[in-house]
Amino acid sequence: MFAAEIRITSDDAPSIICALSPEAGRELPRTKADVRMEEGAGVIEIAASDASAMRAALNSYLECIRITEDIGRITR
């Protein structure tokens, strides 16, 4: 089993967590994710059964974080 945690400490953390919450609820083969706010930071915990599934999940979540931050910058 592989595990990873991504912590988001930017001002955009609440928006990012809100945007990612539906994604975390999706059923993905070999992967489980938990998305939440904790002490003012956004936390994404990912568990995967193998390295390939973990890589795919990390790529997906990191890309979603980047897009959400870009949208935040554009709309300010």
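The values are calculated or read from the model by the stated rules, or taken from the named source; none is laboratory data. If you're wondering where the values come from, they're calculated on a predicted model, not measured in any experiment. Positions of Cβ are generated from backbone atoms using ideal geometry, with glycine treated the same way; all protein chains shown enter the neighbour counts. These accessible areas exclude ligands, DNA and RNA; they are computed on the full protein's heavy atoms, side chains included. Shrake-Rupley method; radii C 1.70, N 1.55, O 1.52, S 1.80 Å.
Could you work out [θ]222 nm for the chain from helices alone, using -39500 (n - 2.57) per DSSP H run of at least four and dividing by all its residues? Round to the nearest 500 deg cm²/dmol.
So the helix-based figure for the chain works out to -17000 deg cm²/dmol.
How far apart, in nm, are the 7 Å Cα→Cβ label points at ILE67 and ALA4?
1.7
Could you sort GLU5, GLU69 by accessible area so the largest value comes first, with the probe set to 1.4 Å?
Descending order: GLU5, GLU69.
Note down the relative contact order for the chain as a percent, whole number, built from C-alpha pairs under 8 angstrom at least six residues apart.
Relative CO of the chain lands at 37 percent.
What accessible surface, in Å², does a 1.4 Å probe find on ASP12, ignoring ligands, DNA and RNA and rounding to the nearest 10?
Accessible surface of ASP12 is approximately 20 Å².
What is the packing order of peptides 25-32, 52-59, taking the mean over residues of other C-beta atoms within 10 Å and listing the highest first?
Top of the packing list down: 52-59, 25-32.
With only Lys, Arg, Asp and Glu charged, each at its Cβ (+1 for the first two, -1 for the last two), find how big the charge dipole of the range 1-63 is about the Cα centre; round to the nearest 20 debye.
The calculation lands at about 260 debye.
Quick one: order ILE67, ILE46 from most to least accessible surface, probe 1.4 Å.
So the residues, ranked largest to smallest area, are ILE67, ILE46.
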